[in-house]
Amino acid sequence: MQQEYILHNDEFIAIDEKILTVKNRGFRYGDGLFESMRMTGGKLKFAELHADRLQAGMNALKMDGGIFFDEYFLKQKTAELCKKNKLKDNARFRLSVYRDADGLYTPDTNKSGYILEASAVQETGYGLNKKGLIINVYDEITKPVNKLSNYKTSNSLLFVMAGLYKKQHRLDEAFILNQNGFLCESISSNVFVVYDKQIYTPALSEGCIAGVMRNIVMQTAKANGISIIEAQINPEVLNEAEEVFITNASSGIRWVMGYGRKRYFNEITKSLSAMLNAL
């Protein structure tokens, strides 16, 4: 069996080797952030947008070194790791960036470190799921709306708890509300709702992740004359909507089939998925 590797601060490390200590701030305090990325046909998709969000997140967390995590860095390091692991042209990546410093809550420095992981993907494009997702709303814990809400930080307990709810209720996905009780996002994706033939998605001011695929879908829709409105969305609209779909950089667009007894169509979702794959 071939040995798998990760990249840790520019050094290849066997995936089963121990590389972090109990002093690591990502482990201790969730002091970091991450990017989930996709390579298709040997090309890292939307590298510039991933770099922009990562650098903005590092700046928001006051972490040094953001300037080095640019589009060139992402393309180069993902290609190197693919070659080392003998992966083919399609892969998923997780880039975790953490504050590499001593100290308790107050860090001694703001130096950053990173870990890049890769896994193989069979699909060559963003295929639309054949079977629609069954979802429900997780409302036991809500998401705060603040200056860090739009970034994928390592502090992910809300999403872990929502994942346990999803598992307990045998769902495919769970939707998360913000502190004001409005739709925010799902465990792993941004949310879009088609109501009265108009597409809506929670505005960034509602506290959702500033998703790369969210951005791409909105740009693609606009280029094809389709309007998407960023808004404050009451979860009650899920009972009246015609379609619901979710998006992320790893899977593209996935359509939702059911919410409770409500069932949805996927006509507009299919159309957007076709446009996405035509890019």
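The values are calculated or read from the model by the stated rules, or taken from the named source; none is laboratory data. Remember, predicted model here, so these are calculated numbers, not experimental data. Counting neighbours? That spans all protein chains shown, and the Cβs are built from the backbone with ideal geometry, glycine included. Side chains are part of the model used for accessible areas, which takes the heavy atoms of the whole protein and leaves out ligands, DNA and RNA. Shrake-Rupley method; radii C 1.70, N 1.55, O 1.52, S 1.80 Å.
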Study note, to complete from the structure: log10 I(q)/I(0) for the stretch 54-106, Debye formula on C-alpha points only (no solvent), q = 0.15, 0.16, 0.17, 0.20 Å⁻¹, two decimals, reads -0.55, -0.61, -0.66, -0.81
Check your understanding: Which of the peptides 131-141, 45-55 is most tightly packed, and how do the rest follow, judged by the mean count of other Cβ atoms within 10 Å per residue?
Key -> 45-55, 131-141
Review point. On average, how much area does the Cα convex hull of the chain cover when viewed from any direction, in nm²?
Key: 15.1 nm²
**Study point:** Over the stretch 199-257, volume per residue of the alpha carbon convex hull, in Å³
**Key:** 90 Å³
**Study point:** Stokes-Einstein translational diffusion, the stretch 1-54 - Kirkwood Rh over all Cα pairs, 1.002 mPa s, 20 °C, in µm²/s
**Key:** 155 µm²/s
Review point. Which whole-number percent gives the relative contact order of the chain, counting Cα pairs below 8 Å spaced six or more residues apart?
Key: 18 percent
**Study point:** the stretch 84-139, relative contact order in percent, only Cα pairs under 8 angstrom and at least six apart counted
**Key:** 35 percent
Exercise for review: Mind checking the per residue accessible area of the chain for me, 1.4 Å probe, whole number of Å²?
Suggested key: 52 Å²
Practice item. Quick one: dipole size for the stretch 107-188, taken about the Cα centre, charges +1 on Lys/Arg Cβ and -1 on Asp/Glu Cβ, in debye to the nearest 20. Key: 80 debye
**Study point:** Computed helical MRE - 222 nm, the chain, DSSP H runs ≥ 4 contributing -39500 (n - 2.57), nearest 500
**Key:** -7500 deg cm²/dmol
Review point. In the structure shown, do any of Lys111/Lys152; Lys23/Lys152; Lys45/Lys130; Lys88/Lys131; Lys62/Lys88; Lys84/Lys111 have a Cα-Cα gap over 29 Å, and if so which?
Key: Lys62/Lys88
Revision key, fill the gap. Note, Asp16: beta-carbon cut-off 14 Å, +1 each Lys/Arg, -1 each Asp/Glu, net -2
Check your understanding: Taking 0.36 nm per residue of separation and subtracting the Cα-Cα distance, what length does fully extending Gln122 through Lys18 add?
Key -> 34.6 nm
Check your understanding: Using θ = phi - 60° and the Karplus form 6.51 cos²θ - 1.76 cosθ + 1.60, what ³J(HN,Hα) does each residue of the stretch 246-251 get, whole Hz, x for Gly and Pro?
Key -> 10, 9, 8, 5, 7, 10
Point to revise | Sequence-distant residues sharing a close amide H with Lys111 (under 5 Å, placed H) | key: Asp64, Asp100
Exercise for review: Name the residues whose placed amide hydrogens come within less than 5 Å of the amide hydrogen of Ile199, ignoring near sequence neighbours (fewer than 5 apart) on the same chain.
Suggested key: Ile229
Review point. Farthest toward the dipole's positive end in the stretch 89-211, which of Phe159, Val194, Val97, given Cβ charges of +1 (Lys, Arg) and -1 (Asp, Glu) about the Cα centre?
Key: Val194
Review point. Given just the C-alpha atoms of the stretch 108-160, how large is their convex hull per residue in cubic angstrom?
Key: 196 Å³
Revision key, fill the gap. Here D for the stretch 34-142, in µm²/s, from Stokes-Einstein with a Kirkwood Rh over Cα pairs at 37 °C and 0.692 mPa s, works out to 206 µm²/s
Practice item. Just the number, please: carbon plus sulfur as a percent of the accessible area of the chain, 1.4 Å probe, no ligands or DNA/RNA counted. Key: 50 percent
**Study point:** Stokes-Einstein D in µm²/s, Kirkwood radius over Cα pairs - the stretch 131-242 at 4 °C with 1.567 mPa s viscosity
**Key:** 90 µm²/s
